[in-house]
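Take a look at the structure below.
The values are calculated or read from the model by the stated rules, or taken from the named source; none is laboratory data. Remember, predicted model here, so these are calculated numbers, not experimental data. So basically every Cβ, Gly included, is an ideal-geometry build from the backbone, and we count neighbours across all protein chains shown. Side chains are part of the model used for accessible areas, which takes the heavy atoms of the whole protein and leaves out ligands, DNA and RNA. Shrake-Rupley method; radii C 1.70, N 1.55, O 1.52, S 1.80 Å.
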Amino acid sequence: MEEDIDTRKINNSFLRDHSYATEADIISTVEFNHTGELLATGDKGGRVVIFQREQESKNQVHRRGEYNVYSTFQSHEPEFDYLKSLEIEEKINKIRWLPQQNAAYFLLSTNDKTVKLWKVSERDKRPEGYNLKDEEGRLRDPATITTLRVPVLRPMDLMVEATPRRVFANAHTYHINSISVNSDYETYMSADDLRINLWNFEITNQSFNIVDIKPANMEELTEVITAAEFHPHHCNTFVYSSSKGTIRLCDMRASALCDRHTKFFEEPEDPSNRSFFSEIISSISDVKFSHSGRYIMTRDYLTAKVWDLNMENRPVETYQVHDYLRSKLCSLYENDCIFDKFECVWNGSDSVIMTGSYNNFFRMFDRNTKRDVTLEASRENSKPRAILKPRKVCVGGKRRKDEISVDSLDFSKKILHTAWHPSENIIAVAATNNLYIFQDKVN
Amino acid sequence: MLAKWCLSWFPQDRMFARGLKRKCGDQEEGVEGFGTVPSYSLQRQSLLDMSLVKLQLCHMLVEPNLCRSVLIANTVRQIQEEMSQDGVWHGMAPQSVERAPIDRLVSTEILCRTVRGSEGEHPTSELEDSPLQSSASELPIVGSAQGQRNPQSSLWEMDNPQENRGSLQKSLDQIFETLENKNSSSVEELFSDVDSSYYDLDTVLTGMMTGTKSSLCNGLESFTAAAPPPSSTCKSDLAELDHVVEILVET
């Protein structure tokens, strides 16, 4: 319970007015670090909340999936662009951790325009006994200094500090949708609707433009970049997805500006499924390399697809996330849900994929057994330690007990962001303003 | 194997829980029947109108969501392409159909006007685009909800805008008029009206699909063929649809 009180305190300090706080609390990104020890969430209010995993003790095996608030800080503030006369939202679009290299942790966070590198470090000692300044840090009158002291480090309560180390600004005209740390750990990329930039972590005043799909004449614009990611092992390779449902793989060794792709992944359109909404629902909302680097997973509005890097003409696997919505596309277009950007994740061994849906449902697909499950992130329906009951959506015909009819799905409750622990069966699911952490049931 | 999952930990509510109003098709249950099926073209027109309103709202934003805007604009192009094939597209003289590329019908430029105008990265290359610049400067500012009585003429590039104003132009006029007469805060209001009525559209659309296929022109194949068979929930209420259209185009 201690943690609860603790976090409430932290959250309260950020509350501005009530209505603003509710909107600002909507979680906009979730990301485990490389060991799974930390879990970072970003929200629409520009805050980053980092959770740390509870230390495991032998007699409390069931507590292995518990995370406590470790650090909370305001990463981005609302800004005003005076030249364009527009407000830049503080909403955190993405968070990416850097691999840990010393005691401190580093992460990148981005809003629509600016990427920031944060250092998160612990401090449990403080220096005392300076000669020239007193304990409050004020300079002492030299006349009062009569003896020479040796400063000492005294233990103090553990403090977690988040400090901005780099600010990478002024390089994006459009909205940043993705950031990805390269496997060389020296560079990262940031992608917006029309361009991708490559940065060195040490250099904030310039970046290399590696992809630019902005047509000379904006009237000809029919396609935008929707997501981009580096290959997990080959630092010269990256992929980006588009609103037309295609994925391009680029090799930075080929040329400085990767305007010609190395591979082009596209599935021919199924004529029997064609409608006015075909293009909208084929727009890719997320692209993720498998940990092995062999596959890429993409998420479009109705499906998740797994592509083999060696096969460009069609995905090797296609998973229906909520095909029952196909008959509802018109109202989903009308209420703009059709533009929701669902993300997708791999489990640690690349054998299971997970992605979100509506009504606080999320889906898992086992790539080997081809089994799938729909689970619900809800406090009412899931008691701690009780096994989650698979949910079922009734598609036409008679609704069986425990089934939910398509018409009663709540489209305002959507799970867009999820994360999977890098090596264990622990998942984090963001449901609007709530974060759920589930683990597989051991015995 | 998919593991069995349990809630491991539920961090406190990060906000005050707020009851969200459910927006589901409850009202659909009461109504049944398969009487009159609205025509495909009427629904296509509704979809077009809906898209145009969305585009117009995008246009009012200083920096619209580009992905969404592009997808909507492509949808509009697609509908217009099909309409011009069917000969329903009044806004364009028949002989010019072949000559004019489809993307002249709606220009994405209107979506990105402000973005492009404020582009600061390549000032020199932007300046070189002189024909572009001029076309951009002709574009009206509709963001300020008054004045500017003829934004459509430049929104829609046509050979003879004055003569060839078809029904769509008129409907656009109506939409703009409605938008202009309301201040920006009531735009939402306007939409909430549209909202509930449009909610029935896909049941109508999907039901219609199978019902009127034979009577439709060749453009129809490009419409959804994946529509599920008409079920009992399929409500095709012409009056409802009329109401929808009425909101946008005062019939």
Original post:
Before we move on, is A:SER408 of a type in the set (S, T, N, Q) and at the interface with chain B (Cβ under 7 Å from one of its Cβ atoms)?
Top reply: yes
**OP:** Kindly indicate which of B:VAL62, B:VAL97 is surrounded by fewer than 22 Cβ atoms within 10 Å (Cβ to Cβ), more than 9 Å from chain A (Cβ to nearest Cβ) and at pLDDT below 95.
**Re:** B:VAL97
Subject >> Selected residue [basic (Lys, Arg) and touching a Phe, Trp or Tyr at 6+ places or on another chain (Cβ under 6 Å)] from A:ARG299, A:ARG294, A:ARG253 >> reply: A:ARG299
**OP:** Starting from residues that are assigned to a loop (DSSP other than H, G, I, E, B) and among the hydroxyl-bearing types (Ser, Thr, Tyr), keep the ones in segment A:403-431 and report whichever is nearest to A:GLU66 (Cα to Cα).
**Re:** A:SER423
**OP:** For A:TYR358, indicate whether it is among the aromatic types (Phe, Trp, Tyr), closer than 27 Å to A:HIS175 by Cβ and touching a strand residue (DSSP E or B) at 6+ places or on another chain (Cβ under 6 Å).
**Re:** yes
Subject >> Selected residue (criterion: nearest to the other protein chains (Cβ to nearest Cβ)) from residues of segment A:193-239 that are more than 18 Å from A:LYS113 (Cβ to Cβ) and hydroxyl-bearing (Ser, Thr, Tyr) >> reply: A:THR222
Subject >> Filter result for the condition that a residue is under 23 Å from A:PRO390 (Cβ atoms) and charged (D, E, K, R), over A:ARG274, A:ARG363 >> reply: A:ARG363
Subject >> Among the residues listed as A:LEU139, A:LEU148, A:LEU153, A:LEU117, the single one being open to solvent by less than 50 Å² (accessible area, probe 1.4 Å), of a type outside the set (S, T, N, Q) and either free of Cβ contacts under 8 Å to residues at least 40 places away in the same chain or under 16 Å from A:GLY42 (Cβ atoms) (or both) >> reply: A:LEU117
Original post:
Of the residues that make up segment A:286-297, is at least one of a type in the set (Gly, Ala, Ser), open to solvent by 30 Å² or more (accessible area, probe 1.4 Å) and more than 13 Å from chain B (Cβ to nearest Cβ)?
Top reply: yes
Original post:
within 30 Å of B:MET60 (Cβ to Cβ), assigned to a strand (DSSP E or B) and touching a Lys or Arg at 6+ places or on another chain (Cβ under 7 Å) - does that describe any residue in segment A:84-97?
Top reply: yes
**OP:** Output the residues belonging to segment A:411-436 that are buried (at least 23 other Cβ atoms within 10 Å of the Cβ), closer than 17 Å to A:ARG379 by Cβ and within 8 Å of chain B (Cβ to nearest Cβ).
**Re:** A:ILE427, A:LEU435, A:TYR436
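Examine segment A:375-387 for a residue that is at the interface with another protein chain (Cβ under 10 Å from one of its Cβ atoms) and closer than 27 Å to A:TRP307 by Cα, and state whether such a residue exists.
Yes, segment A:375-387 has at least one match.
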Subject >> Every residue from segment A:324-342 that is outside any helix (DSSP H, G or I) and either more than 10 Å from every other protein chain (Cβ to nearest Cβ) or crowded, with 23+ Cβ neighbours inside 10 Å (or both) >> reply: A:ASP340, A:PHE342
Subject >> Residue among A:VAL345, A:VAL442 that is open to solvent by 30 Å² or more (accessible area, probe 1.4 Å) and among the hydrophobic types (A, V, I, L, M, F, W, C) >> reply: A:VAL442
Original post:
Applying the selection to segment A:263-318, what residues are among the basic types (Lys, Arg) and under 20 Å from A:PHE238 (Cβ atoms)?
Top reply: A:LYS263, A:LYS288, A:ARG294, A:ARG299, A:LYS305
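How about segment A:227-254: which of its residues are open to solvent by less than 50 Å² (accessible area, probe 1.4 Å) and small (Gly, Ala, Ser)?
A:ALA227, A:ALA228, A:SER241, A:SER242, A:SER243, A:GLY245
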